[in-house]
Amino acid sequence: MFLIRAACLLLCVLCLAACDRLPQSYPPPEQRQPVAGFNPGPDAMMVSMEDSDADPVIVKDIYPGTGIPWRWTKQEPTVKVLVFSTESVKFSADFAIWDDSFKTTGPLEISFLVNGKLLDKIRYTTPGKKHFEKPVPADWLAGNTEATVALSVDKLYIAPRSGDEYGVILSRLGLKP
Amino acid sequence: MIHVVPVLFGALFTVATAWALGMLLLRNLALSFDPWERRLLAFFAGSACLSAILFALSAAHLAYRGVLLALGLGSIGYAAYSGALRSPGKAFAPLAPLWRWVFIPAFAAFTWYGFFNALVPEHSSDGMAYHLSEVVIYQHAHGFPRITNDIFASLSQGIELLYLFAFDFGRHSAATLVHYAFLIALAFLVLSYGRRIGRPAVGVAGAIFTYTSPVVLRDATVAYVDVALAAVLFALFYLLQVWDESRDSNLLVPIGLLAGFCYAVKYTGFLAVPYAVGFVAWKLLRNARKPLLRPVLVIALSAAVMVLPWMVKNWIEVVNPVSPLANRTFPNPYVHISQEDFMRKYFSSYDLASRWQIPLDVTVKGDHLGAFLGPIFVLTPLALLALRFREGRQLLLAGLLLGSTYFGNIGTRFLIPIVPFVSLALALAVANLPWLLFALLVANIIACWPAMYRIYCSPNAWRLEEIPVAAALRLQSEDDYLSQDPEYRIVRMIGRVVPPGDRIFAIGQNGTSYLPRELLIGHHSAANEVIEDILWTPVAAGYQPVLSVKFDFPPREFRKLRVVLKGSETDGQWSITELRIFDGPKELPRDPGWRLTAHPNPWDVQLAFDNTPVTRWRSWQPAAPGMYVEVDFPRPQPASSVVVESSYETVNTKIALEGMGTDGQWTTVSDHPAITTHPIRTSLRMAAIAELKARGIQYVVIHPGDPGADDFFRYPAAWGLSLVGQESGAHLYRIP
């Protein structure tokens, strides 16, 4: 009889423990707003060759390099950038044509490509530092997705001893808001 | 080498305390056994008692080292003082020399392997990931803190509480040695069973088959609980057989305690309670003169002492007494039904092409199902020959019943609980041919020796491979030994970088028992799965709310509005990123007086009304007609359109808008919405990280292979994250 009473008492205690209920309805929560300072900076879509984290976004034709602000390219140096904004975005590239290679190759014709589409093609008749910048049509890009940004060099300098191919000396490549 | 002393002390002190408590229990119940039998059964009964006491101490947050020391010393001292440690009774006849000289060297040789592997710093995946992680949390809190974001904290943890006792003195390896002690006790109890039924050779063979089984020995040498469950189940079987012989009603108390302890050790041991109750009831029913109610109640109540605390703890903490299971029966905000469904589906198949792969894989290969039992178990069908003996029928019945949970998880480890029964039944099947039994025994010993099984098992099989004496004796430092494991190196890196008190989120991370920080892991709870969902939205196009489903209707007043699902999805879920209500061209501001609800998963309904594209209410179970998201207005509210923003995942989902007018009647307002798509124009990455920050998370760990990992690695700035640590491919980011 004691055991039966104890069992009944235990069941009562358990039933009491079941009285709590989780809420089933809620008021609207705090409304989220864009947080100040969260907008990416002007260089967020640019790839600098001196950055240690540049390698993961290099798609092809850029020689490895560390600790120096430039890298040699091959024929079609290509990088991937994440597009934050599609409005008023410009293609931007900083590169140089080496004096010595220019003596061999002569003037270079360089194409500027976004997602494989030709944005512009320019013939460079002198060596030295170059900067290219041009607006990209908004419908070429999609927000929050990656875009490929590339140069295409028409002639390559071939190193006489190693046979390695060189295009231009690239410093920065990408998109700018 | 001095560092091994606290490890051994922690383990031995735990075992001694359990044993002393068991000897006190058996002495007070005036039970009669063979001396060795008494010592072994005392360990199991005492383990149950110690576990129950530790539960009470942990619930009261009194699990301090001083309290545990006093408990242990008090138990051992009182047992010694009261004479309970003496083992009176008639001893079994000694083993015949042949069987003694088979058993001793085989046991010693495999113990050489097992002991040193158990003594090495604990580095098993589940041991580091959760068996001991929870122990570390309990040790720091001196008891049970309320944990709602880790399903593993909701499992019954009867053995982990013994680990807590050992851990307080000897840390990880002491806990592991406690598990190994269960295997040693099991092997001797199996041997003892053979002697009890007058077939010592069967006992020797059964003990060796069990002890040398590669999966059993491997499992026992890490801080898992499978071998402990096997041992406690077998001890329960043993006591029931003793009761069947003696009908001593005092045996019913330890029988009930051990039956309940099986559940406390592991959920899959729950069948022990109906087995014990059914066994006793059946035996008594066959003898109609015997009263039935009292014995059954004694067992049930003794079992309840071990079972109910875990159920009540879960009921209080996570609203589900058997969490993380049965979430349809006990709906709660802590474990998603989809998560339970996924686990159930995966563990019952392990993605095997056919179940015909199971027999060879679990016995010999250990390729897909994790480990292997040993080739002797290929002969399991032969065990049916044991049916000709009463003991054989009892063994096979217990093995069949207690192993019936196997198909819920077909990993080889989940067969460990029936290994002693099958081992004894196999030995019994050929017991009348001693030369054959001897040959099988020798063949098994050879086949299970680690140098031999690497010839036939899969290279992926989980098994013992070497005897790491230097690491076991701490001649090689723990840190040095453990650093061979990349997961350990990662948690060490996290521990170095993240200050105490800060929260970390990871999609997946092992080794957390070596990380004294709060680390939330994606699949460990409903809330953590929501965080995963938030993190994946920026990188998974299918998750992004590019779809607008608009219901236009003549303006009118509503007391309630709800969007109702009309079609079902076979596998997919239903989700709503934002639900917006308009009166003319103007969206109604979300009034604090609104009451929002949803069915199912009402607890996440606010995610559809928070104005961020990276959070969403999800059904977290297959979409089914009748599901809804509802707004209850505090006063009649004019409205003329409703827009549901959701992802492409729900493009084919048929939904309707229903409204309750001022007359209190529900009517369908519109079931032909206009569907349009729109591009995302804000930074989802930044929004996702802002959500994590709002949830108190300061760090994120991303491993190569995690969904979206490449995106984190390439564009940390786009997420607003700073890389603060790297180890073995894992990246640790700080949320500014």
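A few remarks follow.
- Every pair of residues 6+ apart whose Cβ atoms lie under 9 Å, when the first sits in the range A:73-93 and is over 17 Å from A:Val57 (Cβ atoms) and more than 14 Å from chain B (Cβ to nearest Cβ) while the second is surrounded by fewer than 22 Cβ atoms within 10 Å (Cβ to Cβ) and polar (S, T, N, Q): A:Gln75/A:Ser152
- Residue satisfying all of: in the range B:244-299; within 14 Å of chain A (Cβ to nearest Cβ) and either touching a strand residue (DSSP E or B) at 6+ places or on another chain (Cβ under 8 Å) or touching a residue at least 60 places away in the same chain (Cβ under 8 Å) (or both); nearest to B:Leu31 (Cα to Cα) among these: B:Val253
Here is a yes/no grid of residues against (1) within 33 Å of the chain's Cα centre (by Cα); (2) surrounded by 22 or more Cβ atoms within 10 Å (Cβ to Cβ); (3) under 22 Å from A:Gln33 (Cα atoms); (4) within 11 Å of chain A (Cβ to nearest Cβ):
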| site | (1), (2), (3), (4) |
| --- | --- |
| B:Gln606 | yes, no, yes, yes |
| B:Thr612 | no, yes, yes, yes |
| B:Gly626 | no, no, no, no |
| B:Glu630 | no, no, no, yes |
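- Unique residue being outside any loop (DSSP other than H, G, I, E, B), of a type in the set (D, E, K, R) and surrounded by fewer than 24 Cβ atoms within 10 Å (Cβ to Cβ) when the list is B:Glu465, B:Glu487: B:Glu487
- Residue match in the range B:451-470 (condition: out of contact with any helix residue (DSSP H, G or I) (no Cβ under 7 Å at 6 or more places or on another chain) and among the acidic types (Asp, Glu)): yes
- Where B:Gly66 falls short, out of the listed (1) loosely packed, with under 15 Cβ neighbours inside 10 Å; (2) in a loop (DSSP other than H, G, I, E, B): (2)
- Listed conditions (1) open to solvent by less than 80 Å² (accessible area, probe 1.4 Å); (2) at the interface with chain B (Cβ under 8 Å from one of its Cβ atoms); (3) at pLDDT 85 or above; (4) more than 18 Å from the chain's Cα centre (by Cα) are all met by A:Ala7, apart from (3).
- Here B:Phe261 does not fit the description of being closer than 29 Å to B:Ala153 by Cβ and open to solvent by 40 Å² or more (accessible area, probe 1.4 Å).
- The number of residues in the range B:192-239 being over 20 Å from B:Phe44 (Cβ atoms), charged (D, E, K, R) and assigned to a helix (DSSP H, G or I) comes to 1.
- For B:Ser525, the criteria (1) open to solvent by 30 Å² or more (accessible area, probe 1.4 Å); (2) within 21 Å of the chain's Cα centre (by Cα); (3) among the small types (Gly, Ala, Ser) hold in every case but one, which is (1).
- Against the list (1) within 30 Å of B:Phe558 (Cβ to Cβ); (2) within 12 Å of chain A (Cβ to nearest Cβ), the condition B:Val669 fails is (2).
- Exclusive hit being open to solvent by 10 Å² or more (accessible area, probe 1.4 Å), aliphatic (A, V, I, L, M) and either under 28 Å from B:Val305 (Cα atoms) or touching a Lys or Arg at 6+ places or on another chain (Cβ under 8 Å) (or both), set B:Ala235, B:Ala181: B:Ala181
- If you go through the range B:564-602 and keep only what is in contact with a helix residue (DSSP H, G or I) (Cβ under 9 Å, 6 or more places away or on another chain) and of a type outside the set (D, E, K, R), you end up with B:Gly572, B:Gln573, B:Trp574, B:Ser575, B:Ile576, B:Thr577, B:Leu579, B:Leu596, B:Thr597, B:Ala598, B:Pro600, B:Asn601.
- Search result, residues across the range B:29-50 that are surrounded by fewer than 24 Cβ atoms within 10 Å (Cβ to Cβ), free of Cβ contacts under 8 Å to residues at least 60 places away in the same chain and touching a helix residue (DSSP H, G or I) at 6+ places or on another chain (Cβ under 9 Å): B:Arg38, B:Arg39
- One residue alone among A:Leu170, A:Leu175 is open to solvent by less than 50 Å² (accessible area, probe 1.4 Å) and either of a type in the set (Ser, Thr, Tyr) or within 23 Å of A:Gly106 (Cβ to Cβ) (or both), and that residue is A:Leu170.
- Qualifying positions in the range B:344-383 - out of contact with any helix residue (DSSP H, G or I) (no Cβ under 9 Å at 6 or more places or on another chain), under 30 Å from B:Ile316 (Cβ atoms) and not basic (Lys, Arg): B:Tyr346
- Residues in the range B:699-736 that are touching a residue at least 24 places away in the same chain (Cβ under 8 Å), more than 31 Å from the chain's Cα centre (by Cα) and within 11 Å of chain A (Cβ to nearest Cβ): 5 in all.
- For the range A:31-41, filtering for residues that are more than 7 Å from chain B (Cβ to nearest Cβ) and modelled with pLDDT of 70 or more leaves 1.
- The test for being open to solvent by 70 Å² or more (accessible area, probe 1.4 Å), among the hydroxyl-bearing types (Ser, Thr, Tyr) and either assigned to a helix (DSSP H, G or I) or within 14 Å of another protein chain (Cβ to nearest Cβ) (or both) holds for B:Tyr346.
Residue-by-condition table, conditions (1) surrounded by fewer than 24 Cβ atoms within 10 Å (Cβ to Cβ); (2) modelled with pLDDT of 95 or more; (3) of a type in the set (S, T, N, Q); (4) in the same structural domain as B:Ser192 (by TED's automatic domain parsing):
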residue: B:Val215; (1), (2), (3), (4): no, yes, no, yes
residue: B:Arg218; (1), (2), (3), (4): no, yes, no, yes
residue: B:Val222; (1), (2), (3), (4): no, yes, no, yes
residue: B:Val225; (1), (2), (3), (4): no, yes, no, yes
residue: B:Ala228; (1), (2), (3), (4): no, yes, no, yes
residue: B:Asp244; (1), (2), (3), (4): yes, yes, no, yes
residue: B:Arg247; (1), (2), (3), (4): yes, no, no, yes
residue: B:Pro254; (1), (2), (3), (4): no, yes, no, yes
residue: B:Leu257; (1), (2), (3), (4): no, yes, no, yes
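Residues are listed down the side, and each one gets a yes or a no for (1) within 18 Å of the chain's Cα centre (by Cα); (2) modelled with pLDDT of 95 or more; (3) assigned to a strand (DSSP E or B); (4) crowded, with 18+ Cβ neighbours inside 10 Å:
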{"residue": "A:Ser85", "(1), (2), (3), (4)": "yes, no, no, yes"}
{"residue": "A:His131", "(1), (2), (3), (4)": "no, yes, yes, no"}
{"residue": "A:Asn144", "(1), (2), (3), (4)": "yes, no, no, yes"}
{"residue": "A:Pro160", "(1), (2), (3), (4)": "no, no, no, no"}
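- Unmet criterion (only one of (1) part of a loop (DSSP other than H, G, I, E, B); (2) farther than 26 Å from B:Lys283 by Cβ) for B:Ser404: (2)
- Some residue of the range A:114-122 being within 14 Å of chain B (Cβ to nearest Cβ), closer than 27 Å to B:Pro716 by Cβ, out of contact with any strand residue (DSSP E or B) (no Cβ under 6 Å at 6 or more places or on another chain) and surrounded by fewer than 14 Cβ atoms within 10 Å (Cβ to Cβ): no
- Boolean, B:Ala80 is more than 36 Å from the chain's Cα centre (by Cα), within 29 Å of B:Gly194 (Cα to Cα) and touching a residue at least 12 places away in the same chain (Cβ under 8 Å): no
- Residue match in the range B:684-698 (condition: touching an Asp or Glu at 6+ places or on another chain (Cβ under 8 Å) and more than 14 Å from chain A (Cβ to nearest Cβ)): yes
The values are calculated or read from the model by the stated rules, or taken from the named source; none is laboratory data. Every value quoted in this text rests on a predicted model; they were computed, and no experiment measured them. Here Cβ is always computed from backbone atoms with ideal geometry, including for glycine, and neighbour counts include all displayed protein chains. When the accessible area is computed, the model is the full protein with side chains, heavy atoms only, and any ligands, DNA or RNA have been set aside. Shrake-Rupley method; radii C 1.70, N 1.55, O 1.52, S 1.80 Å.
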